[in-house]
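Have a look at the structure below before the remarks.
The values are calculated or read from the model by the stated rules, or taken from the named source; none is laboratory data. Here the structure is a predicted model, which means the values were calculated and not measured. Glycine gets a Cβ as well: all are built from the backbone with ideal geometry, and neighbour counts include every protein chain shown.
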Amino acid sequence: MDQEQIENLRQDYSAASLNETDVDANPMRQFDKWFNEAINAKIHEPNAMTLATSTHDGRPSARIVLLKGFSDDGFKFYTNYLSRKGRELSKNPMGALVFFWGDLERQVRVEGTIEKLDKDYSEKYFHSRPKKSQLGAVASPQSQEINGREMLEERMAQLEAEYADKDVPKPSYWGGYVLRPRLIEFWQGRRSRLHDRIVYKKTDNKNWKIVRLAP
């Protein structure tokens with residue numbers, strides 16, 4: 001594809017609108033509404049979200065992870081604490097999330113602080129996963145350089161044999177995080193790029209201010 005073809009890739013959005021008078025006063029309830037609508041629309045992996053972190057000196061990185069729970073406390077996900085994102089969060093606990101539900105012409109942006117979930121919470125979730133997923137978390141030295149896929153497959157085979165008839169212990173280097181939001185933006189695509197952007201800004205421990213941003 002040449003440069004001109006790329007420049008001409010565009011789509012006009014017209015599926016819905018978003019107004020200040022229509023949204024819930026609580027952004028987590030508004031997220032719950034949109035999330036359920038994404039599920040009902042049969043969006044592929046509606047819980048897929050971009051997680052952005054950065055080093056202590058501001059070098060950013062981003063990747064797709066899966067949302068594994070949300071409440072008034074925030075947005076929960078799980079990973080290897082020794083992965084790149086885990087190492088970055090240990091030095092700089094600020095992060096951002098983006099959900100994009102293209103079929104609904106919607107995205108949600110979240111900014112806030114990220115902290116580890118309680119160990120017991122992580123333990124419970126780890127043992128709720130399929131056994132092969134548990135073993136995969138043990139087998140993979142996430143984000144580290146390896147010589148080839150064969151190393152992973154051999155390690156997985158060893159672990160499958162070792163834990164064939166017993167429980168897999170949760171690794172100490174694996175567990176959950178929660179992003180506690182300070183800002184949540186709901187974006188609804190509109191015609192002529194005049195999109196609706198409704199933003200919730202936290203004013204104290206429990207109250208939110210709702211504003212509209214220009215697209």
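Structure values in brief
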item	result
LEU51 vs. criteria buried (at least 16 other Cβ atoms within 10 Å of the Cβ), of a type in the set (A, V, I, L, M), outside any strand (DSSP E or B) and modelled with pLDDT of 95 or more	no
Candidate set: the stretch 14-48, residues that are outside any loop (DSSP other than H, G, I, E, B) and charged (D, E, K, R); chosen: the one nearest to GLY102 (Cα to Cα)	GLU37
Test for ILE114: is it within 21 Å of the chain's Cα centre (by Cα) and modelled with pLDDT of 95 or more	yes
Lone unmet requirement of (1) within 20 Å of PHE77 (Cβ to Cβ); (2) surrounded by 16 or more Cβ atoms within 10 Å (Cβ to Cβ); (3) in contact with a helix residue (DSSP H, G or I) (Cβ under 9 Å, 6 or more places away or on another chain); (4) not small (Gly, Ala, Ser) for LEU179	(3)
Enumeration of residues in the stretch 1-13 that are loosely packed, with under 10 Cβ neighbours inside 10 Å and either part of a loop (DSSP other than H, G, I, E, B) or polar (S, T, N, Q) (or both)	MET1, ASP2, GLN3, GLN5, ASN8, LEU9, ARG10, GLN11
Residues satisfying the stated conditions in the stretch 54-68, i.e. assigned to a strand (DSSP E or B) and more than 25 Å from ALA139 (Cα to Cα)	SER54, PRO60
Residues within the stretch 106-123 that are of a type outside the set (Asp, Glu), surrounded by 13 or more Cβ atoms within 10 Å (Cβ to Cβ) and part of a helix (DSSP H, G or I), tallied	2
Filter pass, VAL138 being at negative phi, assigned to a strand (DSSP E or B) and crowded, with 16+ Cβ neighbours inside 10 Å	no
Filter result for GLN5 (polar (S, T, N, Q) and at pLDDT below 95)	yes
Residue list for the stretch 105-135, restricted to those being in contact with a helix residue (DSSP H, G or I) (Cβ under 7 Å, 6 or more places away or on another chain) and of a type outside the set (Lys, Arg)	VAL108, ILE114, PHE126, GLN134, LEU135
Qualifying residue in the stretch 180-194 (condition: over 30 Å from GLN11 (Cβ atoms) and modelled with pLDDT of 95 or more)	yes
When residues of the stretch 55-75 are limited to those that are among the basic types (Lys, Arg) and in contact with a Lys or Arg (Cβ under 8 Å, 6 or more places away or on another chain), the one surrounded by the most Cβ atoms within 10 Å (Cβ to Cβ)	LYS68
In the stretch 186-213, residue nearest to GLU105 (Cα to Cα) [restricted to those that are surrounded by fewer than 19 Cβ atoms within 10 Å (Cβ to Cβ) and among the polar types (S, T, N, Q)]	SER192
Candidate set: the stretch 76-94, residues that are out of contact with any helix residue (DSSP H, G or I) (no Cβ under 9 Å at 6 or more places or on another chain) and among the hydroxyl-bearing types (Ser, Thr, Tyr); chosen: the one surrounded by the fewest Cβ atoms within 10 Å (Cβ to Cβ)	SER90
